[in-house]
Amino acid sequence: MNYNLKVDVIVVSKIKTEWFSNVRGDILSGILVALALIPEAIAFSIIAGVDPMVGLYASFTIAVIIAFAGGRPGMISAATGAMALLMAPLVREHGLDYLLAATILTGVIQVIFGIFKVAKVMKFIPRAVMIGFVNALAILIFMAQVPHFIGISNMTYIFVAITLAIIYILPRFFKAIPAPLIAIIVLTAIALYTNFDLRTVGDLGTITRSFPEFFIPNVPFNLETLAIIFPFSIALAIVGLLETLLTASIVDEMTDTESDKNRESRGQGIANFITGFFGGMAGCAMIGQSVINVKSGGRGRLSTLVAGVFLIFLIIGLGDLVVRIPMPVLVGIMIMVSIGTFDWGSFKYLVKAPRTDAIVMLVTVVVVVATSDLSKGVIAGVILSAIFFVSKISKIKVVKSQVNEQTIYEVEGQLFFASVEDFLAGFDQSVSNENIVIDFSSAHIWDDSAVGAVDTVMIKLQENKNHVKIIGLNKSSKKLVDQLAVYDI
Amino acid sequence: MYKHILLAADGSENSLRAADEAIKVASLVEDSQIEIIYIIDFDDIKADVLHSGSKVELDHTRRKHLIPFEEKMKAHGVNYKTTVFNGYPGQKIVEYANDQNVDMLIIGSRGLNTFQEMFVGSVSHKVFKRANSPVLIVK
């Protein structure tokens with residue numbers, strides 16, 4: 001009874017700190033994030049090849065659900081570029097309904113990931129792969145903008161340039177309103193009152209001024225559908241979780257607090273699952289927006305909730321104006337996003353990091369850019385770095401020395417399937433009638449192949465009437481040898 | 001007198017020279033304490049997280065920044081303590097200095113990021129303009 005009461009008090013006080021310990025800061029930063037989210041949600045919808053509403057609805061539902069279900073208070077999740085890039089081919093070939101079905105399945109997979117604590121696996125993803133991931137993402141976001149500003153009209157170039165100038169110069173003098181929003185307001189107004197040859201958001205889709213509604217995606221419920229959406233859902237689930245957990249670590253670091261990564265994985269799943277039923281595309285945590293939120297004073301769950309709710313009210317209130325936003329302004333904002341996403345320390349990293357790490361980073365980027373699929377790049381990077389790791393630790397040394405009529409072989413390193421050949425090559429097996437000692441003090445025996453190799457050496461040497469002794473096996477190595485070896489001692 | 005001396009440390013050459021001056025001041029005043037303040041810049045955190053393999057490695061790199069300062073303090077036997085914050089360096093140093101009513105603030109004239117300073121101005125300039133206490137800027 002007493003114990004339960006105590007638990008209740010802890011839960012209540014946790015809810016209090018996570019939600020209401022920073023009300024003013026959270027509301028202000030949430031509003032700021034909502035303003036910054038709108039252009040991105042629209043631009044990511046265009047990357048995915050769907051109506052702007054799909055990204056806007058997703059940003060609303062994901063932000064609101066994550067506010068409750070997430071494990072990292074103060075982090076912002078919504079429609080993202082990484083996810084949009086992955087889903088583009090699915091939308092192109094099969095249409096929106098399949099994307100919504102894939103979003104729901106992504107949610108299911110992520111909940112399962114969360115239950116099985118896949119967040120722990122993150123530590124096996126080397127930093128070289130993560131650096132490659134963000135760089136590839138930045139390059140893809142930039143490349144996705146090219147068709148929207150190259151060779152359209154001269155005015156398009158001018159608008160992109162003015163947008164970038166406003167974004168990068170204005171904040172030095174005025175910081176209260178996000179510069180991208182000022183660029184949108186000013187340049188949309190100019191475009192409205194002039195007759196420049198510019199494309200607008202309205203040319204690429206429509207804005208519906210209403211709350212999202214529940215509906216079941218119109219896809220046949222059969223194995224064929226599953227076969228179409230499953231590969232996309234798996235890729236979305238992995239990439240979404242990867243970016244989310246990276247973002248969570250960044251927010252942890254910025255706020256000097258800890259977060260529940262497994263709860264966050266589950267929360268992402270729940271958010272995507274529900275979002276699919278409300279006509280939204282799969283999303284994940286956003287590095288850029290979360291950094292904006294924390295920098296602007298957002299710390300609690302309230303900030304995420306305010307961001308989502310304020311976003312949808314803005315769309316309902318101002319939807320008619322949103323379609324008038326000139327595309328080059330969005331392009332400018334996306335160029336800023338890609339510059340902000342790119343890890344500019346990478347050039348120094350390429351020079352200073354171990355060669356194998358640099359190669360892993362480059363391979364990750366190249367695979368992503370070549371396939372336009374972030375998940376493939378990550379998988380290639382992880383496999384490559386695993387191979388490099390194995391080859392690095394498989395270097396084994398066998399040093400031969402002669403002491404008082406005895407031949408001593410000192411083995412140094414990890415003996416396992418990848419290092420057995422080098423191990424065998426280290427022995428002179430042609431000798432006979434000698435006293436031989438094999439010293440394993442600086443070695444570790446890991447698997448069947450290793451024991452097999454020890455066997456081979458022992459049997460060969462004993463055949464030639466040598467007297468062979470093994471010394472220095474550590475406990476677990478000895479156990480393995482005792483269990484598996486066939487040679488006679 | 002200069003009892004509470006705040007020394008801004010970012011690991012740059014100038015901030016190490018600032019540490020030498022702080023020690024000189026502290027050795028003149030009885031019962032004085034140097035507080036080494038180190039601000040982890042919000043703008044660096046994304047890259048720091050990305051470039052470190054684990055939380056342990058990240059914390060270790062951060063600690064390494066402070067070691068030369070602490071060694072100087074120990075070598076001269078001055079009384080010191082270390083404070084670390086996250087935030088924007090200029091803003092946070094001023095905020096803390098004014099809040100704590102420090103007797104003197106000592107800072108290097110230029111920090112680590114000379115490229116950024118070309119655009120947004122140096123931290124020392126910002127601190128010098130806004131701090132309420134006397135400020136010693138060390139070249």
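The values are calculated or read from the model by the stated rules, or taken from the named source; none is laboratory data. Here the structure is a predicted model, which means the values were calculated and not measured. So basically every Cβ, Gly included, is an ideal-geometry build from the backbone, and we count neighbours across all protein chains shown. Areas reflect the complete protein model, heavy atoms only, side chains present, ligands, DNA and RNA absent. Shrake-Rupley method; radii C 1.70, N 1.55, O 1.52, S 1.80 Å.
Only a single criterion out of (1) surrounded by fewer than 18 Cβ atoms within 10 Å (Cβ to Cβ); (2) over 27 Å from A:Pro126 (Cβ atoms) is not satisfied by A:Phe427, namely (1).
Annotation: A:Pro231 fulfils all but one of (1) under 19 Å from A:Ala88 (Cβ atoms); (2) surrounded by 21 or more Cβ atoms within 10 Å (Cβ to Cβ); the unmet one is (2).
Considered as a group, the residues in the range B:78-113 that are at pLDDT 90 or above and assigned to a loop (DSSP other than H, G, I, E, B) include one that is surrounded by the most Cβ atoms within 10 Å (Cβ to Cβ), and that residue is B:Val102. Residue-level check: of (1) touching a residue at least 24 places away in the same chain (Cβ under 8 Å); (2) more than 30 Å from A:Val365 (Cα to Cα); (3) in contact with a strand residue (DSSP E or B) (Cβ under 7 Å, 6 or more places away or on another chain), A:Ser401 misses just (1).
Taking the range A:428-444 only, how many residues are closer than 13 Å to A:Val454 by Cα and at pLDDT 90 or above? Write out each step before concluding.
Of the range A:428-444, the ones closer than 13 Å to A:Val454 by Cα are A:429, A:437-440, A:443-444.
If we keep only those that are at pLDDT 90 or above too, we end up with A:437-440, A:443-444.
Result for the range A:428-444: 6.
Among the criteria (1) assigned by TED's automatic domain parsing to the domain that holds A:Leu246; (2) modelled with pLDDT of 90 or more; (3) among the acidic types (Asp, Glu), the one A:Asp320 does not fulfil is (2). The condition (being away from chain B (no Cβ under 14 Å), small (Gly, Ala, Ser), surrounded by 19 or more Cβ atoms within 10 Å (Cβ to Cβ) and within 29 Å of A:Ala189 (Cα to Cα)) is satisfied by just one residue among A:Gly300, A:Gly332: A:Gly332. Filter the range A:126-154 down to residues that are open to solvent by 40 Å² or more (accessible area, probe 1.4 Å) and among the hydrophobic types (A, V, I, L, M, F, W, C) and give me whichever is farthest from B:Val49 (Cα to Cα). Per the criteria, the residue is A:Ile152. Scoring A:Leu305 on the criteria (1) more than 14 Å from every other protein chain (Cβ to nearest Cβ); (2) modelled with pLDDT of 95 or more; (3) open to solvent by less than 10 Å² (accessible area, probe 1.4 Å) leaves a single failure, condition (3).
Can A:Gly340 be described as within 19 Å of A:Met75 (Cβ to Cβ), in a helix (DSSP H, G or I), open to solvent by 10 Å² or more (accessible area, probe 1.4 Å) and within 12 Å of chain B (Cβ to nearest Cβ)? Outline the logic, then answer.
Numbers: within 19 Å of A:Met75 (Cβ to Cβ): yes; in a helix (DSSP H, G or I): yes; open to solvent by 10 Å² or more (accessible area, probe 1.4 Å): yes; within 12 Å of chain B (Cβ to nearest Cβ): yes.
Against the criterion (within 19 Å of A:Met75 (Cβ to Cβ), in a helix (DSSP H, G or I), open to solvent by 10 Å² or more (accessible area, probe 1.4 Å) and within 12 Å of chain B (Cβ to nearest Cβ)), A:Gly340 qualifies.
For A:Arg92, state whether it is open to solvent by 50 Å² or more (accessible area, probe 1.4 Å) and touching a residue at least 24 places away in the same chain (Cβ under 8 Å). So A:Arg92 fits the description; yes.
Of the residues that make up the range A:267-281, is at least one within 14 Å of another protein chain (Cβ to nearest Cβ), assigned to a helix (DSSP H, G or I), of a type outside the set (D, E, K, R) and surrounded by 24 or more Cβ atoms within 10 Å (Cβ to Cβ)? The answer is no; no qualifying residue exists. Contact annotation: residue pairs with Cβ atoms under 7 Å, 6 or more positions apart or on different chains, pairing a residue in the range A:41-52 that is in a loop (DSSP other than H, G, I, E, B) with a partner that is surrounded by fewer than 24 Cβ atoms within 10 Å (Cβ to Cβ), are A:Gly49/A:Ala88; A:Gly49/A:Val91; A:Gly49/A:Arg92; A:Val50/A:Val91; A:Val50/A:Leu96; A:Asp51/A:Gly205; A:Asp51/A:Thr206.
For the condition modelled with pLDDT of 90 or more, open to solvent by less than 70 Å² (accessible area, probe 1.4 Å) and hydrophobic (A, V, I, L, M, F, W, C), what is the one hit in A:Leu236, A:Leu223?
Values: A:Leu223 fails: open to solvent by less than 70 Å² (accessible area, probe 1.4 Å).
Just one listed residue meets the conditions, A:Leu236.
Could you tell me whether A:Ile38 is within 25 Å of A:Gly107 (Cα to Cα) and modelled with pLDDT of 95 or more? When the stated conditions are applied, A:Ile38 does not pass them.
Among residues of the range A:460-472 that are surrounded by fewer than 17 Cβ atoms within 10 Å (Cβ to Cβ), those with a beta-carbon under 6 Å from a residue that is among the charged types (D, E, K, R) at least six positions away or on a different chain give the pairs A:Ile471/A:Asp439; A:Gly472/A:Asp439. Taken over the range A:250-261, the criterion of being within 10 Å of another protein chain (Cβ to nearest Cβ), closer than 12 Å to A:Gly71 by Cβ and either open to solvent by 10 Å² or more (accessible area, probe 1.4 Å) or in contact with a His (Cβ under 6 Å, 6 or more places away or on another chain) (or both) is satisfied by A:Asp252, A:Glu258.
Across the range B:57-77, the number of residues qualifying as open to solvent by less than 60 Å² (accessible area, probe 1.4 Å) and touching a residue at least 40 places away in the same chain (Cβ under 8 Å) comes to 5. Of everything listed in (1) under 30 Å from A:Ile339 (Cβ atoms); (2) open to solvent by less than 10 Å² (accessible area, probe 1.4 Å), the single unmet condition for A:Lys123 is (2). Can you tell me which of A:Glu421, A:Glu434, A:Glu463 is among the charged types (D, E, K, R) and within 25 Å of A:Ile387 (Cβ to Cβ)? Matching residue, one of A:Glu421, A:Glu434, A:Glu463: A:Glu421. Against the test of being assigned to a helix (DSSP H, G or I), within 20 Å of the chain's Cα centre (by Cα) and either more than 19 Å from A:Ile112 (Cβ to Cβ) or among the charged types (D, E, K, R) (or both), the options A:Ser249, A:Ser259, A:Ser233 yield a single qualifying residue, A:Ser249.
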